[in-house]
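Visitor: Pasting in a structure now, in structure tokens, and then I'll have a few things to ask.
The values are calculated or read from the model by the stated rules, or taken from the named source; none is laboratory data. Keep in mind the model is a prediction, meaning the values are calculated, not measured. Quick reminder, even Gly has a Cβ in these numbers, built from the backbone with ideal geometry, and neighbours come from all protein chains shown. In case anyone asks, the SASA skips ligands and DNA or RNA and just uses the protein heavy atoms, side chains included. Shrake-Rupley method; radii C 1.70, N 1.55, O 1.52, S 1.80 Å.
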Amino acid sequence: MSLYRDPRDKRVFVPKPGGGVVLNFGHPIAWWILVCTTIIPLIIVTGMTIAVFI
């Protein structure tokens, strides 16, 4: 897996040469996309799991 980071590139989603897209981590919105799709759901699942066991 390769990471793409170019602050001068204004695109959030950059096409990969082999097909598909990759996030441009030089763009601040890419970090918000990462947080909203991974960290927030992880917090929700962890909280619900703890609530079930208490």
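Visitor: Amide H neighbours of V22 under 5 Å, at least 5 residues apart or on other chains, H built in the peptide plane: list them.
Guide: V14, K16
Visitor: Per 0.36 nm of contour for each residue apart, how much would the distance between T38 and V14 grow if the chain were fully extended, relative to their Cα-Cα spacing?
Guide: That pair, T38 and V14, stretches by 6.7 nm at full extension.
Visitor: Further, regarding this structure: So what are the ³J(HN,Hα) numbers for region 17-34, from phi and the Karplus equation (6.51, -1.76, 1.60; θ = phi - 60°), rounded to whole Hz, Gly and Pro as x?
Guide: 3J(HN,Hα) across region 17-34, in whole Hz: x, x, x, x, 9, 9, 6, 8, 6, x, 9, x, 5, 4, 5, 5, 4, 4.
Visitor: Okay, next question. Using 7 Å Cα-to-Cβ label points, what is the I50/V21 separation (nm, one decimal)?
Guide: Between I50 and V21, the label points sit 3.5 nm apart.
Visitor: Counting helices only, and only those DSSP H runs with n ≥ 4, report the 222 nm mean residue ellipticity of the chain as the sum of -39,500 (n - 2.57) divided by its residues, in deg cm²/dmol to the nearest 500. Working shown, then result.
Guide: Details: 2 runs with 21 residues, N = 54.
Calculated from helices alone, the mean residue ellipticity at 222 nm is -11500 deg cm²/dmol.
Visitor: List every residue whose amide H lies under 5 Å from the amide H of H27, counting only residues 5 or more places away in sequence or on a different chain, with H placed 1.01 Å from N in the peptide plane.
Guide: Amide H neighbours of H27, under 5 Å, 5+ apart: D6.
Visitor: Calculate what fraction, in whole %, of the accessible area of the chain sits on carbon and sulfur atoms when a 1.4 Å probe is rolled over the protein chains.
Guide: Here carbon and sulfur together make up 74 percent of the probe-accessible area.
Visitor: Compute the helix-to-body angle for 40-53: its Cα long axis versus the longest principal axis of the chain, expressed 0 to 90° and rounded to tens.
Guide: The answer is roughly 10 degrees.
Visitor: At a 10 angstrom cut-off on C-beta neighbours, averaged per residue, how do the peptides 37-43, 26-32 rank from highest to lowest?
Guide: Highest-to-lowest ranking by the protection proxy: 26-32, 37-43.
Visitor: Given Cα pairs under 8 Å that are at least 6 residues apart, what percent is the relative contact order of the chain?
Guide: This gives 28 percent for the chain.
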